[in-house]
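Below is one structure; the comments refer to it alone.
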Amino acid sequence: MTTTTTAQAEVAAAGTTYVPLSPGAERIGRALDWVIVAATVLVLTGAFHLHFMLTAGDWDFWLDWKDREYWIVLSPVMAITFCGAVHYILWQHFRLPFGATLCVTLLVVAEWIVRYVGWHGWSHYPINLLTPAYFYPGALALDAILLLSGSWVVAGILGGSLFGFLFFPGNWAWLAAYHVPVEVNGIVMTLADYIGYENIRTGTPEYIRIIERGTLRTFGQHSAPVSAAFAAFLCTLVYWMWWFIGKWFSNVKYITSKGL
Amino acid sequence: MKNLFNRLFTIISASAVLAGFAAQPAFAHGEKAQEPFLRMRTVQWIDVAVTKTNLAVNDETVITGKVHFMTNEHWPHSAAKPELAFLNVSAAGPVMVRKASFVNGVNMVNSAKFDLGADYAFEIRLKASWPGKWHVHPMINVKDAGPLVGPGTWVEVTGSHADFKDEMKTLTGETVNLETYGTENNVKWHVIWGLIAVAWLLWWLAKPLFHSRYAKVKAELGDTLITGGDRMVSAVVLVVALGLTYYGYSAAEARYPVTLPLQSATATIPHSPSLVEGVKLVLDRATYRVPGRAMEMDVSITNTSSKPFRVGEFNTAGVRFLNPEVGVMDELTKQYPSYLLAEKGLTVSDNTPIQPGETRKLHLVAQDAAWEVERLSSLIYDPDSRFGGVLYMYDTDGKRLITEVGGTLVPTFAGT
Ligand SMILES: [Cu+2]
């Protein structure tokens with residue numbers, strides 16, 4: 001078996017006690033892979049979706065909450081959490097770098113299902129009011145940088161920053177259309193504001209929107225890039241924090257590894 | 001394999017839906033579930049009317065009326081003052097879309113401060129979107145106090161939603177259909193990025209994943225797991241992520257050169273003439289007879305206007321108790337939701353007109369099943385046992401004068 005000999009050569013080179021798997025074990029391992037993938041997908045989807053809705057909920061949910069400050073900062077910072085934890089688990093134990101992309105893909109699939117079925121299908125809210133933001137650009141960059149650098153420090157600084165920074169321009173591709181101005185009985189609004197106003201939300205009165213407030217506003221036209229830069233900085237820190245949360249959660253100190 | 005994916009998809013969907021429900025805001029209509037003190041002592045809804053209750057899809061109907069904010073004396077201490085409030089609608093979601101709304105003529109797309117003791121005229125224009133029978137209420141959301149729901153009217157919409165048309169011209173000269181505007185582009189971008197993400201995931205899922213890789217990593221051979229192909233694909237993914245983001249952003253900027261940030265200002269509402277005038281009222285004692293579903297009030301009323309008047313109506317939380325002796329069955333009253341109208345609900349001990357300058361002690365009884373049906377009677381279990389409402393007087397010219405009434409309420413439980 002060539003694989004075995006290669007592996008044995010590696011073992012010799014590294015001077016460790018690696019015993020390669022037999023072809024049979026390899027096959028069973030592959031079958032187990034799918035069981036683990038299925039379980040992971042379920043747990044991650046549920047947990048991440050819940051976490052995200054409880055933290056960045058309304059900003060991500062409604063078109064008329066996606067502002068230049070809170071939405072741009074809160075969303076990526078709340079989203080990079082699970083990406084960091086899953087990165088630790090998949091990279092440190094398996095040298096697999098797709099954790100961030102996996103997380104954000106599952107999140108957005110769950111969001112689409114809930115919004116399409118429940119809020120659009122059942123309650124008749126238009127899809128444009130409910131379109132979720134995506135984190136694909138930043139997550140793909142973060143994954144790629146982790147693999148290329150092989151370092152959680154570099155992944156945090158470069159990848160984490162890109163995760164935060166690419167969020168706004170990445171979503172502007174579809175969001176810009178809703179920031180075209182309209183006049184409503186003497187008041188200027190964006191289409192996003194008006195679509196939100198038109199579609200009656202009994203439990204979400206206008207004043208509840210936390211948008212466009214605070215000192216960031218003094219940056220005027222440049223609020224969005226400034227917010228994105230701030231998000232990039234925070235994402236680096238949060239990524240590292242959750243990298244260690246991942247470490248903590250994938251601890252096997254209570255399980256003996258004899259016989260592995 | 002396909003079967004497996006189907007099952008997986010079902011399970012993911014189910015768990016996602018469950019996770020989503022946990023985060024959804026409460027949707028229930030729930031106007032009766034709200035504490036009676038909030039409904040009786042905050043705002044009083046006056047002359048609420050709906051122009052059309054039978055509509056076809058695309059037809060418009062207008063809810064009009066006045067709302068009286070109770071003075072500080074009656075406004076509950078436990079509810080925030082209306083420093084910031086929003087004129088809203090309570091309905092089953094966007095089955096009708098709100099085209100415009102006004103308070104005292106001011107555009108109410110924004111929130112505003114309202115004053116205690118003041119009166120406001122409102123107007124809400126709705127356009128029918130989905131066929132069905134809908135219960136529609138005017139409503140005022142007060143920040144930190146909650147939704148204050150007005151009287152609800154049944155509106156029946158016929159036709160097909162497929163015919164619904166909701167167009168608007170932007171300031172850049174485009175005409176857009178608000179219901180579907182941009183949706184296709186949203187989905188397009190989600191799909192493009194989603195496909196790239198799936199391709200990246202598949203690159204890895206095609207390899208043996210956990211078992212064999214774990215063994216190698218633990219043997220400190222992890223770095224040998226990364227192939228040249230992996231590096232190449234990662235580099236490509238990085239370049240694509242950056243390049244496509246740049247492209248998408250620039251394309252959007254080129255397509256929509258004029259964009260504004262989300263708008264959120266607060267409106268300023270001018271006062272309208274007060275409805276409360278010409279009457280001075282002192283509440284001597286109020287009791288609620290539980291078995292009789294009757295509230296009894298001993299009041300001293302002074303006529304400070306120039307014409308004699310009589311007591312015609314007690315109105316609280318949208319329930320109207322009329323004094324049949326004074327005859328106020330006007331057009332508005334005839335159209336008023338019958339479940340909120342007690343046509344003979346108010347008995348007044350003396351129906352002879354109160355002369356200008358005269359003060360008279362009166363015994364008023366407001367009695368109707370509505371106390372129970374609207375769950376107002378549970379106010380006797382509130383921690384402060386107070387009620388509020390307004391009395392309508394009608395003078396000899398038929399003019400209406402309004403005064404607030406309210407105070408402590410003593411329940412009587414024995415059947416007398
Ligand atoms: Cu109702």
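Derivation of every value follows stated rules applied to the coordinates shown; laboratory data play no part. Predicted model only: the values in this text are computed from it and were never measured. In this analysis, Cβ positions are derived from the backbone assuming ideal geometry, glycine residues included, and neighbour counts consider all displayed protein chains.
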Given charges at beta-carbon only (K, R positive; D, E negative), |dipole| of chain B in Debye:
1320 debye
So what is the 222 nm mean residue ellipticity for the protein assembly as shown from helices alone, if each DSSP H run of at least 4 adds -39500 (n - 2.57) and you divide by all residues, rounding to the nearest 500 deg cm²/dmol?
-12000 deg cm²/dmol
Using 1/(1 + (r/R0)^6) with R0 = 56 angstrom and r between the beta carbons of B:Ser378 and A:Ser151, what's the FRET efficiency to the nearest 0.05?
0.30
Can you give the log10 of the normalised intensity I(q)/I(0) at q = 0.09, 0.12, 0.14, 0.15 Å⁻¹, computed with Debye over equal Cα scatterers of chain A?
-0.50, -0.79, -1.00, -1.10
May I have the convex hull volume per residue, in Å³, for the Cα set of segment B:44-120?
113 Å³
Between B:Lys188 and B:Asp298, what is the label-to-label distance in nm when each label sits 7 Å out along the Cα-to-Cβ direction?
7.7 nm
Only four residue types carry charge here, +1 at the Cβ of Lys and Arg and -1 at the Cβ of Asp and Glu. Report the dipole size of segment B:183-255 about the Cα centre in Debye, rounded to the nearest 20.
200 debye
Relative contact order %, chain B, counting alpha carbon pairs below 8 Å whose residues are six or more apart:
17 percent
Over the protein assembly as shown - Rg/Rh using Cα atoms and the Kirkwood inverse-distance radius:
1.11
Under the 0.36 nm per residue contour assumption, what length would be gained going from the current alpha-carbon distance of B:Asp115 and B:Tyr339 to full extension?
77.6 nm
Less than 24 Å apart at the alpha-carbon level, and either on another chain or at least 8 residues along: which lysines does that give for B:Lys81?
B:Lys32, B:Lys66, B:Lys113, B:Lys143
Neighbour-count ranking for B:Asp166, A:Asp143, B:Asp59, B:Asp350 (other C-beta within 10 angstrom, fewest to most) reads B:Asp350, B:Asp59, B:Asp166, A:Asp143
Dipole axis of segment A:122-252 (+1 Lys, Arg; -1 Asp, Glu on Cβ), positive-most option in A:Ala232, A:Leu162, A:Ser250
A:Ser250
Computed lengthening from B:Asn54 to B:Asn72, 0.36 nm per intervening residue step minus Cα-Cα distance
2.5 nm
Please label the shape of segment A:26-142 as rounded, prolate or oblate, based on the square roots a ≥ b ≥ c of the eigenvalues of the alpha-carbon gyration tensor (a/c under 1.5 means rounded; beyond that, a/b larger than b/c means prolate, else oblate).
oblate
For a quick check of your reading of the filter: which trypsin sites (Lys or Arg not before Pro) in segment B:161-213 sit in a DSSP loop and have no more than 16 other Cβ atoms within 10 Å?
B:Lys165
Taking a crude spin-label model, label points 7 Å out from Cα along the C-beta direction, the A:Ala39 to A:Phe233 distance in nm is 4.2 nm
If the reach is capped at under 26 angstrom between alpha carbons, list the lysines near A:Lys247, excluding any in the same chain fewer than eight residues apart.
A:Lys258, B:Lys207, B:Lys216, B:Lys218
Between helix A:136-149 and chain A: long-axis angle, C-alpha atoms, 0 to 90°, nearest 10
30 degrees
Gain in length, B:Tyr246 to B:Glu331, computed as 0.36 nm per residue apart minus the alpha-carbon separation, to one decimal in nm?
24.3 nm
If R0 is 41 Å, what FRET efficiency do you get for B:Lys218 and A:Tyr116 from their C-beta distance, rounded to 0.05?
0.45
Using the Cα gyration tensor of segment B:334-384, with a ≥ b ≥ c the square roots of its eigenvalues, what is the shape: rounded (a/c below 1.5), prolate (a/b larger than b/c) or oblate (neither)?
oblate
Lysines with Cα under 28 Å of B:Lys165, excluding same-chain neighbours fewer than 8 positions away
A:Lys66, B:Lys52, B:Lys99, B:Lys127, B:Lys133, B:Lys188
Convex hull of segment A:163-217 built on C-alpha atoms - directionally averaged projected area, nm²:
5.4 nm²
Which whole-number percent of Cα pairs in segment B:279-412 have a distance greater than 17 Å?
56 percent
Between the residues A:Trp65, A:Val19, B:Gly150, the Cα farthest towards the positive end of the dipole of the protein assembly as shown, that dipole coming from +1 and -1 charges on the beta-carbon of Lys, Arg, Asp and Glu, is from A:Val19
Placing +1 on each Lys and Arg Cβ and -1 on each Asp and Glu Cβ in segment B:279-412, then taking the dipole about the Cα centre, the residue among B:Leu346, B:Thr302, B:Val410 whose Cα reaches farthest towards the positive end is B:Thr302
How big is the charge dipole of the protein assembly as shown about its Cα centre, in debye rounded to the nearest 20, if each Lys and Arg gets +1 on its Cβ and each Asp and Glu gets -1 on its Cβ?
1900 debye
Can you tell me the relative contact order of chain A? Whole percent, Cα pairs under 8 Å, sequence separation 6 or more.
26 percent
Mean separation of Cα contacts under 8 Å, 6 or more apart, over the residue count of segment B:280-402: relative contact order %:
32 percent
Could you quote the convex hull projected area for segment B:30-167, Cα atoms only and averaged over all directions, in nm²?
8.1 nm²
Once both label points are put 7 Å beyond Cα along the C-beta direction, the B:Glu156-A:Lys247 separation in nm becomes 6.9 nm
Here the FRET efficiency for B:Glu83 versus B:Lys399, based on Cβ atoms and R0 = 25 Å and rounded to 0.05, is 0.15
